[in-house]
Amino acid sequence: MKKWITALFALTAIVSLVALTPSPVSTKSADPREDSLAADRAKYTKMVKEAIAGKEKLPAEQVFKNIKLFKGQPAEAILGIMENRWSKTLGVSCSHCHNVNDWASEEKHDHAIARDMVAMVGKINDDLLATIPAYATKERKPRIGCSTCHRGESHPGRPNTARAGGPGAPARN
Ligand code: HEC
Ligand code: HEC
């Protein structure tokens, strides 16, 4: 019995020591690729912010050249969506959708896909999810967003696209 109690004390001591030892990595994400993508996105966002300095609060369509989705929203809010929502959710940097020397350009097909995905999300939310009878009468309707499917992947529909980079992992640019 005594042995058991001693063993239990020893175990508790070890467990609490492990729990109290601060983790050496605190700010870095678990995925090193995500860290370099984040640095890239921050660099481009800073570039655009400097270019629009003083006009951050103006409606996006007055500051940028090719705004169709985000009319009426402050210019700086668009950059927040680009950096913290779309890029992060897809696990990409800005150059995945943009020619970074001409932000208004539509030459990358992902630029068009992103606009069409916004329309698709609207349809799913308004025409499909909200009409499920059990939800139709609820005041707070369930909604999906880009992250519902993408979760850090640009190609959520394909098998074997785990972030670990197995066969079929998406190319990143
Ligand atoms: C998933 C694709 C995608 C990613 C990733 C993305 N963008 Fe965009 N971006 C778009 C689309 C689509 C628009 C057009 C929005 C609209 O029609 O209102 C846009 C618009 C812009 C504009 C306005 C350009 C103009 O002159 O009209 C800027 C500036 C911009 N993005 C910067 C960025 C930056 C900086 C990043 C990275 C941090 C980024 N974007 C990441 C798709 C993307
Ligand atoms: C219902 C699930 C779903 C939602 C929600 C969704 N997507 Fe997608 N998206 C997909 C699928 C599936 C593909 C096709 C992936 C492939 O090529 O295998 C895709 C592809 C894309 C691509 C092209 C990726 C590439 O590299 O070719 C872009 C860009 C994109 N989505 C942006 C968005 C954005 C922005 C949102 C939110 C406004 C969004 N998606 C919401 C399922 C979704």
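Any read-out appearing in this document is the output of simple, stated calculations on the displayed coordinates, not a laboratory observation. Everything quoted here is computed from the prediction, not taken from an experiment.
Here are some notes:
- Length released on extending from ASP31 to ASN99, taking residue separation times 0.36 nm less the Cα-Cα span: 21.9 nm
- Cross-link partners for LYS108 among the aspartates and glutamates, with Cα-Cα distance under 17 Å and sequence neighbours closer than 8 places in the same chain left out: ASP116.
- Difference of contour (0.36 nm per residue) and Cα-Cα distance, ALA112 to GLU50: 19.7 nm
- Remark: relative contact order (the stretch 30-149) = 18 percent; criterion is Cα-Cα distance under 8 angstrom and separation of 6 or more residues.
- Computed log10 I(q)/I(0) for the stretch 30-149 at 0.09, 0.10, 0.12 Å⁻¹: -0.31, -0.38, -0.53, from the Debye equation with unit scatterers placed on every C-alpha and solvent omitted.
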